[in-house]
Structure formats: structure tokens, C-alpha cells
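Asker: Pasting a structure below so you can have a look.
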Amino acid sequence: MIASILKETKELLARSGAVKRPEDQYSHMRYLKWLPIMRFDVERYDLEGYGTVMSMHTTTKMGMELLTLSFMPGEGLAVPYLLMDSMSMKSKKCVFVEYYGCGNDHLEEKKLREVWEQYRELPDYAEKPGWYIAEREPYSLIKSGTEEQLCDMAADSLKAYLLAVESATRDPEYPPQLKKFRERMIRDGNPSSKTLKMLLKKEGADRFMREVVMPLKD
């Protein structure tokens with residue numbers, strides 16, 4: 001499932017004109033370094049007029065596989081921040097399509113709501129409580145289901161989001177809202193906080209959130 005979603009993401013980004021950045025110190029990370037039980041492969045893209053995209057593919061010795069996609073509209077296009085998490089472990093599979101408006105009430109969202117209508121009947125995935133849940137837009141999808149259903153939901157969500165990007169207008173007041181939300185994600189925690197701190201220590205994890213996951217032109 002993860003391989004399929006990652007392949008679809010790369011193809012959609014290529015068609016959208018996204019440019020992959022050269023590899024750096026974050027591209028291939030391991031925990032533990034001397035006997036890796038977790039491997040993290042990170043790719044970053046620049047999408048002109050939009051901002052940045054990050055993918056982080058995590059594999060573990062325990063058989064769990066994760067994919068995190070972060071679509072950061074850092075240039076102020078009025079589309080929600082998209083965080084997509086996919087998880088596969090034996091028969092347990094889920095995809096989170098999380099949209100965050102960060103206080104902006106003028107988002108391009110029609111196509112995103114249409115995808116929500118299409119997949120809202122899939123079983124909801126029971127996630128752990130977190131402050132950020134209340135911050136999500138109502139058309140977010142936190143779902144389990146068959147591998148085929150979840151791959152289709154992820155692909156349709158990505159396609160709809162990139163179409164929304166094409167028609168969105170620029171809002172100069174949006175980047176400060178995104179920055180405020182990012183700082184809260186760092187301060188109050190997010191689903192990846194524990195793993196990133198384990199991998200990079202607190203200061204490194206904070207830097208990773210600001211420079212890789214949710215970069216902005218400060």
C-alpha cells in the first residue's frame with residue numbers, strides 16, 4: 001500500500017512541475033545508527049508558486065511501514081495545509097488525510113469536500129486524542145479500509161488538492177497563520193514528536209519541523 005501511494009505521489013508531483021531538491025543530511029536517517037531498527041528516507045520538493053512538499057518513508061524491523069506527506073503552502077496560496085499519514089502493519093492499514101486551515105476562512109476547498117463525500121462512509125480509524133484533532137477541517141478523512149480503498153482515497157485526495165492549488169488565490173496574511181500553527185505543533189506536540197525527538201533530540205526535532213516538514217520564508 002505504502003509503495004503504491006508513494007509512487008502515485010511522485011508521479012503527481014512530476015506532472016505538477018515540482019522540482020526535487022538534492023539530497024542532504026536528512027535524506028537517509030537511521031535509528032539506532034549502529035543497528036538500525038527504524039529507517040527514514042526523506043525527499044523534498046519545491047512547487048513554484050505554492051511552496052514545498054516533503055515525503056518521509058519509514059520502515060521498521062517490527063514490520064510497520066509509514067509514509068508522511070507534508071504539503072506546505074508557504075507562498076500564501078489559500079489552500080489548507082495538507083498532512084497525509086499512511087500506515088501499514090500486517091492486516092492493519094489506515095490513511096489520514098488531514099487538512100488544517102490554521103485560522104484562514106477563505107480556503108479553496110470545493111474539490112476537497114467532493115472527495116470527502118466520496119469516501120466518508122469508509123470506517124473511521126480510532127486515533128489517540130490530540131489537540132490538533134479539533135483544528136482539522138471537517139472534510140479531513142481519518143480512515144481504515146481495504147488496501148485498494150485506501151490507495152484510491154489517497155490518490156483522489158492528492159489529485160483534488162493539486163487541482164485546488166491551481167485555482168487558489170494568494171493571501172498575504174496566510175503565512176503568519178501557518179507559522180503560528182507550526183509553532184504550536186512544535187510546542188504542544190504532534191503525532192511524530194516522540195519519534196523525531198528520539199531520532200534528532202529536541203533541538204534537532206524542532207529544526208526538522210521548521211526546515212523540512214513545514215518550511216516558511218521567515
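Just so it is clear, none of the values below were taken in a lab; they were calculated from the coordinates. Since the model is a prediction, treat every value here as computed from it, not as a measurement. Please note: Cβ atoms are built from the backbone with ideal geometry, for glycine as well, and neighbour counts cover all protein chains shown.
Asker: Obtain the nm distance between the two label points defined at Leu32 and Lys159 by a simple spin-label model: each point lies 7 Å from its Cα along the Cα-to-C-beta direction.
Answerer: According to this spin-label approximation, the distance is 4.6 nm.
Asker: Given that just one value was derived from the coordinates, which of [x] 8, 35, 40, 16, 1; [y] 8, 30, 33, 19, 7, 2, 0; [z] 8, 28, 29, 22, 11, 2, 0 is P(r) over Cα pairs in 10 Å bins from 0, in percent?
Answerer: Looking at P(r) over Cα pairs in 10 Å bins from 0, in percent for this model, the match is [x].
Asker: So, one more: Give the separation of the Cα centroids, region 159-218 to region 30-87, in Å.
Answerer: The two parts, judged by their Cα centres, are 11 Å apart.
Asker: Another question, then. Enumerate the lysines that Lys110 could reach by cross-link, defined here as Cα to Cα under 27 Å, with residues fewer than 8 away along the same chain left out.
Answerer: Lys7, Lys10, Lys143, Lys159, Lys179, Lys180
Asker: Okay, moving on. Under a point spin-label approximation (7 Å from Cα along Cα-to-Cβ), what is the His106-Asp188 distance to one decimal in nm?
Answerer: With each label point 7 Å from Cα toward Cβ, the separation is 2.5 nm.
Asker: Show the residues, 5+ positions off or on another chain, whose built amide H is closer than 5 Å to the amide H of Cys94.
Answerer: Under 5 Å from the amide H of Cys94 lie the amide H atoms of Met87, each far enough along the sequence or on another chain.
Asker: Let's see if you can work this out: charge +1 on each Lys and Arg Cβ, -1 on each Asp and Glu Cβ, no other charges. What is the dipole magnitude of region 2-213 about its Cα centre, in debye to the nearest 20?
Answerer: Numbers: 33 positive and 34 negative charges, 219 e Å.
Result for region 2-213 is approximately 1060 debye, rounded to the nearest 20.
Asker: What are the ³J(HN,Hα) values, in whole Hz, obtained from phi via the Karplus relation 6.51 cos²θ - 1.76 cosθ + 1.60 with θ = phi - 60°, for each residue of region 132-147 in sequence order, with x given for Gly and Pro?
Answerer: 5, 4, 5, 8, 6, 6, x, 9, 5, 10, 10, 10, 10, x, 6, 4
Asker: Describe numerically, in nm with one decimal, the distance between label points set 7 Å from Cα along Cα→Cβ at Glu173 and at Asp24.
Answerer: 3.2 nm
Asker: Out of Ala14, Asn104, Met89, whose Cα points farthest toward the positive end of the dipole of the chain (charges: +1 Lys, Arg; -1 Asp, Glu; placed on Cβ)?
Answerer: So the residue we want is Met89.
Asker: Let me ask another. If you take the alpha carbon radius of gyration of region 105-199 and divide it by 2.2 N^0.38 Å, what ratio comes out, to two decimals? Walk me through the intermediate numbers first.
Answerer: Numbers: Rg = 15.4 Å, N = 95, 2.2 N^0.38 = 12.4 Å.
This ratio for region 105-199 stands at 1.24.
Asker: Let me have the 222 nm mean residue ellipticity of the chain computed from DSSP H runs of 4+ only, each contributing -39500 (n - 2.57), with the sum over all residues rounded to the nearest 500.
Answerer: Calculated at 222 nm, the ellipticity per residue is -11500 deg cm²/dmol.
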